[in-house]
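Q: Just dropping this structure here.
The values are calculated or read from the model by the stated rules, or taken from the named source; none is laboratory data. No experiment lies behind these values; they were computed from the predicted model shown. Counting neighbours? That spans all protein chains shown, and the Cβs are built from the backbone with ideal geometry, glycine included. Heads up: the accessible areas ignore ligands, DNA and RNA and are worked out on the full protein's heavy atoms, side chains in. Shrake-Rupley method; radii C 1.70, N 1.55, O 1.52, S 1.80 Å.
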Amino acid sequence: MQGVVADPAVAPVTRQVSGRAAPAAVPSGPERGQPLAAAVAELPVLDASGRQVPFGALFRERRAVVVFVRHFLCYICKEYVEDLAKIPKSFLQEADVTLIVIGQSSYHHIEPFCKLTGYSHEIYVDPEREIYKKLGMKRGEEIASSGKSPHIKSNILSGSIRSLWRAVTGPLFDFQGDPAQQGGTLILGPGNNIHFIHRDRNRLDHKPINSVLQLVGVQHVYFTSRPSVIHV
């Protein structure tokens, strides 16, 4: 029988066996209900000024939707974060939820990325990808059908050309992160509680934003630029 490999990002669960504690198997699927390992919560992320903040401090006091993106030059990440930027802060405050984006570039790229996307919620970077690795975020593209994303407006050709143009016209020619690194979405907190985790299999496999907001009781957001129709 094939064994289950425990995820190092999830704190070990113990059970009593003959009067002594023994490790219990940790599910290899979504770790809902499992605590985040303290060692992962202590890993630092950097804010726009380069200040280190423990990862766990971001959701110690309240629930947080934490979105790990691929890299800041990725046009798919850019357009996804542009829609995250449209979530009213009042919606989050009503549900007592924090929205956090985490990238894997230098912290110097945070401010330009926020200006580009209009994103004004919390954002940090994990330049060494230590948290990405501990959380089991995939590196490389898995060929899988992800359906059509409501958040991606560009096709692969036009989007890739714009990403390349941003790279060559920037002050430093870099991809602002590892292009092979995939991201994911988690719902964490208060404390080191994991309520939901989705690891992207490829660049198009991000979770639709409203499906995540629904899980934390945040109002539905209309992302289309067209005015909504009100039936009376």
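Q: I'd like to verify a number: residues in the range 49-65 that are among the small types (Gly, Ala, Ser), more than 17 Å from the chain's Cα centre (by Cα) and open to solvent by 30 Å² or more (accessible area, probe 1.4 Å), how many?
A: So the count comes out to 1.
Q: Answer yes or no as to whether VAL81 is part of a helix (DSSP H, G or I) and more than 22 Å from ILE194 (Cα to Cα).
A: The answer is yes for VAL81.
Q: Within the range 188-227, how many residues turn out to be open to solvent by less than 40 Å² (accessible area, probe 1.4 Å) and closer than 22 Å to GLU128 by Cα?
A: Adding up the residues that qualify gives 6.
Q: Spot the failing condition for LYS86; the list is (1) modelled with pLDDT of 90 or more; (2) closer than 18 Å to TYR124 by Cβ, and only one is missed.
A: (2)
Q: Something else about it: Which one is nearest to THR117 (Cα to Cα), of the residues in the range 166-187 that are of a type in the set (Val, Ile, Thr) and either surrounded by 22 or more Cβ atoms within 10 Å (Cβ to Cβ) or modelled with pLDDT of 70 or more (or both)?
A: Per the stated criteria, the residue is THR185.
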